[in-house]
1. With over 11 Å from the mean Cα position of the chain (by Cα) and either assigned to a helix (DSSP H, G or I) or more than 27 Å from residue 12 (Cα to Cα) (or both) as the only criterion, which of 84, 100 stands out?
2. Against the conditions (1) free of Cβ contacts under 8 Å to residues at least 24 places away in the same chain; (2) surrounded by 13 or more Cβ atoms within 10 Å (Cβ to Cβ), where does residue 12 fall short? Just the number, please.
3. As an exercise: evaluate residue 33 against (1) surrounded by 14 or more Cβ atoms within 10 Å (Cβ to Cβ); (2) out of contact with any helix residue (DSSP H, G or I) (no Cβ under 7 Å at 6 or more places or on another chain); (3) assigned to a helix (DSSP H, G or I) and give the number of the one condition it does not meet.
4. Regarding residue 70, is this residue surrounded by 12 or more Cβ atoms within 10 Å (Cβ to Cβ), assigned to a helix (DSSP H, G or I) and more than 15 Å from the chain's Cα centre (by Cα)?
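Nothing in this text is a laboratory measurement; each read-out follows from the coordinates by a stated rule. Quick caveat, the model's predicted, so the values are computed rather than measured. Methodologically, a virtual Cβ is constructed for each residue, glycine included, from the backbone with ideal geometry; neighbour enumeration extends over all protein chains shown.
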């Protein structure tokens, strides 16, 4: 008889949330399709294309959330932390680990 591996209790299809400010909590779309779209933009951010940050935010949080965040007029370091936070959310990793990796990659460029 073939072995059955039951993942029904191990697959979590809930989407993570990210809190940016008081009252500003957004659902992060961490589905594979969205993460694949973001992947190419991450590479361009690392190469210095800062416009790609807005595209990443829109892909993962949606147009309305991206519009709200843009209206917050965040500093560049705040945007970098936001992108790191989004990457931590989609990969289910600790923020500090992802942010440290982001800083190391930034130093290479």
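1. 100
2. (2)
3. (1)
4. Details: surrounded by 12 or more Cβ atoms within 10 Å (Cβ to Cβ): yes; assigned to a helix (DSSP H, G or I): yes; more than 15 Å from the chain's Cα centre (by Cα): yes.
So residue 70 passes the test.
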